[in-house]
Structures are given as C-alpha cells and as structure tokens.
1. Scan the stretch 100-116 and report the pairs whose first residue is on the phi > 0 side of the Ramachandran plot and whose second residue is assigned to a strand (DSSP E or B) and crowded, with 24+ Cβ neighbours inside 10 Å, with Cβ atoms within less than 9 Å and a gap of 6+ or a chain change.
2. Looking only at the stretch 212-223, which residues are crowded, with 20+ Cβ neighbours inside 10 Å and closer than 15 Å to residue 14 by Cα?
3. Take the conditions closer than 18 Å to residue 267 by Cβ, surrounded by fewer than 17 Cβ atoms within 10 Å (Cβ to Cβ) and touching a helix residue (DSSP H, G or I) at 6+ places or on another chain (Cβ under 6 Å) and apply them to residue 334. Does it pass?
4. Tally up the residues in the stretch 204-221 that are in a helix (DSSP H, G or I) and more than 14 Å from the ligand (Cβ to nearest atom), please.
5. For the stretch 278-310, which residues satisfy the criterion of being touching a helix residue (DSSP H, G or I) at 6+ places or on another chain (Cβ under 9 Å), more than 14 Å from the ligand (Cβ to nearest atom) and more than 23 Å from residue 226 (Cβ to Cβ)?
6. Determine which member of the set 191, 186, 233 is free of Cβ contacts under 8 Å to residues at least 40 places away in the same chain and out of contact with any strand residue (DSSP E or B) (no Cβ under 9 Å at 6 or more places or on another chain).
Ligand SMILES: [Fe+2]
C-alpha cells in the first residue's frame, strides 16, 4: 500500500540490475553495433523477419554483416510470443555457430528468444522451462528494440509460450539481462500504427502498474510518473508517425522496465499472459484490453495510488476525493485509448466459461499478484475478463 514520504516504514533495499550501457543512437545503430562487436570472433544476429524486410532494418544488418571482422550468422526464425520450440531451434543454431556475441533486433518476442537461448547453458530455470539440459558459456548480449513498448531490453526477465496448458512461463535471472542496449528510433519508423499503439500502451501499463503497486516507493514512483507523462504526451503523435515522438516513446519504454523489477505489477499483467497464451493475442493488445477493466476493479479497494496520477495527467480539472480522482484518471486513460488504432489487434476471441476460469486461475499464480495494490481473488479476475468480453 502507498505511504506518505514522512510515514515511518521499514528500510527498503532496491537491488538494481541494469544493462552496463544503453546507447541512444539515432540513425546510427549499424555504426554502434560495429563498435560494440569489434573484438568479437563469432556473432549471431537474431532479427524479427518483419524488421529484416524493412529498408532501414536490412541496411543495418547488411552493414554489420559486411563490415564486421567476426563471422556472422543470421537467424530470422522468430515467432510471436516466443514458443518453446522456437527457443530450442535457436539453441541448436547457437550450438553450431558458437557465438561470443548475440545481437537481438526486434520486439519483445525476439529479445526474449535471444535472452533465453543465450542463457540456457548457465541458468537451470531456463533449462527446465525449455526442456534442454546443457552447459555452455553465455555470450555477450546486445539488445536492439524495434518497438516502443516491451522494454525487454532492460530487464532480467523473459517470457516463453509453453504449449502445455497453454501457459506463458516467465524466467528471471541476471544472465537474461542484456549487456548492451542500442536505441535507434529509425528502427520504429516502419512499425504499423496499430503496433506503435499496442506496444506503447504496454509501456504505459508498466509505468501505471509500477506506480500503483503495493511495493511502489517514492524512488520508483518518481520515475514511473515521468514515464507516464512522457507516454501520454507523445503517444498520439507517435501513432501519427512523428519521428521525434517515436523516439521519446522508445526511451520511455526502456525506462519503464528499468523500474518494475523493483515493484512488481498488477492484475493487468497477471491476466495478460494467460489471456495471450489461450488466445494468441499480441501482448500489448492483451494489456490494452485489460488495462481499464482490471484497474477499475482495483480502484474500489484502493483509490489512493490511482488518484495520485491525476497530478500527472493534468491537475486543473481533476476532482477532489481520492475515489473521484481515481475514476477521473481512468476516464482520461479511456479517452486516450479510444483514439488509438487498436481495433484490429484488440478483438478478444470468444472464450468458453472453462477458458475464463483457467485464465483467472493461471493469473492467480502470477508473480504480479502480491504487488497488486488491493486484494485479489479468482472471482474478481473472472469479472474483469467478462467485462473485456462484453466490450468486444
Ligand atoms: Fe508488458
């Protein structure tokens, strides 16, 4: 639960794990990558095929392949939501290529794929999740995000789709954390507007959920509030394709995920993973569908953390009581979402009652439940899902 800055509380220790460097490199991804791999002997590039097919994406890859001193292996074998078999295939490819450096260029599925395959030789939880037992050293990992939402480039987490269940399995390890991050907003220029919107709403949710988390503190809230402001201000212009706004969203997305290993998230993300596993929905789209219903279900029990966001959105028109301010905040977010080109991605497929109960029960096992700002029970999550279905 939130505390006032002057309220006495137990000392909090924030263990920070971040990439050793984040390079902001507008229009310079190829030059920076070549500098980062100048001592590499063998480099494996894992790239989203949609990015490899763009003019700028192919020019970056081509420049690295042609100018690198290292031998370069390229893989475009990437699937949405990172299915387990896809991870196994990349592990097999890496066994042949034996890279000392892995470069991952793409959205969350691409980055998580490279993170998991790269850590399989050193992280038992990855071996257990993927079903592969082996020992081999971890290569240096360079993450180059091409969306403005996942933030996977700055976290020690990766999520994989296990067909059993089906369920999304999350793994946490310092060995999953990329060593270097390269942020080049030109890589976002070819992203369709629906994916700009969906991935940015994912980043917005990371920051909103982090700021209302039961484990939020002054330190984490300060950064989260800046991220929320940056996304709200720039999202409409980024969706319209404005380069400067895309660049600011890319930075905000990376910043948002620097925060949340310290706070946990809420029922929005707890539900998004099983909903995505059952329906195949894009992660950002699932989050966009869940953000308002799941947040409204929390506001009744704990309006305070949501009400605090009123000052960020705009203080002039916000009502006075916590309950009213919290509702007003969610209305502002609803207006923002209503204007986004999300319809093609956010259609929730029909779900059976059994699937709804399964998604809710899976969500109750999520690591994001303890950090939810209010009490949670499976019936409450089933009601959130029912609201999502009624909004179709
Ligand atoms: Fe997310």
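Just so you know, all these numbers are worked out from the coordinates, no wet-lab data involved. Predicted, not measured: the structure shown is a model, and the values here were computed from it. Glycine also receives a Cβ, built like all others from the backbone with ideal geometry; neighbour counts cover every protein chain displayed.
1. As it stands, the answer is 106/46; 106/47; 106/144; 106/145, since those pairs meet every condition given.
2. 213, 216, 220, 221
3. The answer is yes for residue 334.
4. Residues of the stretch 204-221 that are in a helix (DSSP H, G or I), as a first pass: 204-212, 218-221.
Of the ones still in play, those that are also more than 14 Å from the ligand (Cβ to nearest atom) are 211-212, 218-221.
Of the residues in that region, 6 qualify.
5. If the condition is that a residue be touching a helix residue (DSSP H, G or I) at 6+ places or on another chain (Cβ under 9 Å), more than 14 Å from the ligand (Cβ to nearest atom) and more than 23 Å from residue 226 (Cβ to Cβ), then 278, 279, 293, 296, 297, 300 are the ones that fit.
6. That would be 233, the only listed residue that is free of Cβ contacts under 8 Å to residues at least 40 places away in the same chain and out of contact with any strand residue (DSSP E or B) (no Cβ under 9 Å at 6 or more places or on another chain).
Quick grid of which residues meet (1) within 16 Å of the ligand (Cβ to nearest atom); (2) closer than 25 Å to residue 86 by Cβ; (3) outside any helix (DSSP H, G or I):
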site	(1), (2), (3)
175	no, yes, no
178	no, yes, yes
190	no, yes, yes
202	yes, yes, no
223	no, no, no
228	yes, no, no
248	no, no, no
